[in-house]
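Quick note: the coordinates plus some simple rules give every number you see, no bench work behind them. This is a predicted model, so every value here is computed, not measured. Neighbour counts run over all protein chains shown; Cβ positions are idealised from the backbone, glycine included.
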Amino acid sequence: MIDKALKQGQGAKVGGEMSVREAGKKGGDTVRERYGSGFYEEIGRKGGQATRERHGAQFYEQIGQKGGRVVKEKYGSDFYEEIGHKGGQKVKQLIAEAKKISTS
């Protein structure tokens, strides 16, 4: 039943009562309430360490390059220029705000 629901998509009903998405959200909310939001940071860090130990640090470089190629194919080279400019403008704004605060 669950396999069928997953094949039909995230919004598919499991047993006719709750969608897979709703069940996932409910489970995530329960975990957050029980263990706190920092729990996700902790398990993410542990997962990252285990991945680094299993595959090596170069693994992250490879998946980063793969992701970069996919983004380049999807959005084009100009996309990087655009987001770089936006990032630079944000940094410029933050520096200006910090200077205002320090001179006040």
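The residues of the range 68-87 that are among the small types (G, A, S) and within 22 Å of the chain's Cα centre (by Cα), listed by number, are G68, G76, G84, G87. Quick one: would you say E73 is loosely packed, with under 10 Cβ neighbours inside 10 Å and in a helix (DSSP H, G or I)? Against the criterion (loosely packed, with under 10 Cβ neighbours inside 10 Å and in a helix (DSSP H, G or I)), E73 qualifies. For the range 41-63, which residues satisfy the criterion of being over 27 Å from V31 (Cα atoms) and surrounded by 10 or more Cβ atoms within 10 Å (Cβ to Cβ)? Correct list: H55, G56, F59, Y60, E61, Q62, I63.
Residues in the range 20-40 that are in a helix (DSSP H, G or I), surrounded by 10 or more Cβ atoms within 10 Å (Cβ to Cβ) and either under 19 Å from the mean Cα position of the chain (by Cα) or basic (K, R) (or both): R21, G24, K25, K26, G27, G28, D29, V31, R32, F39, Y40.
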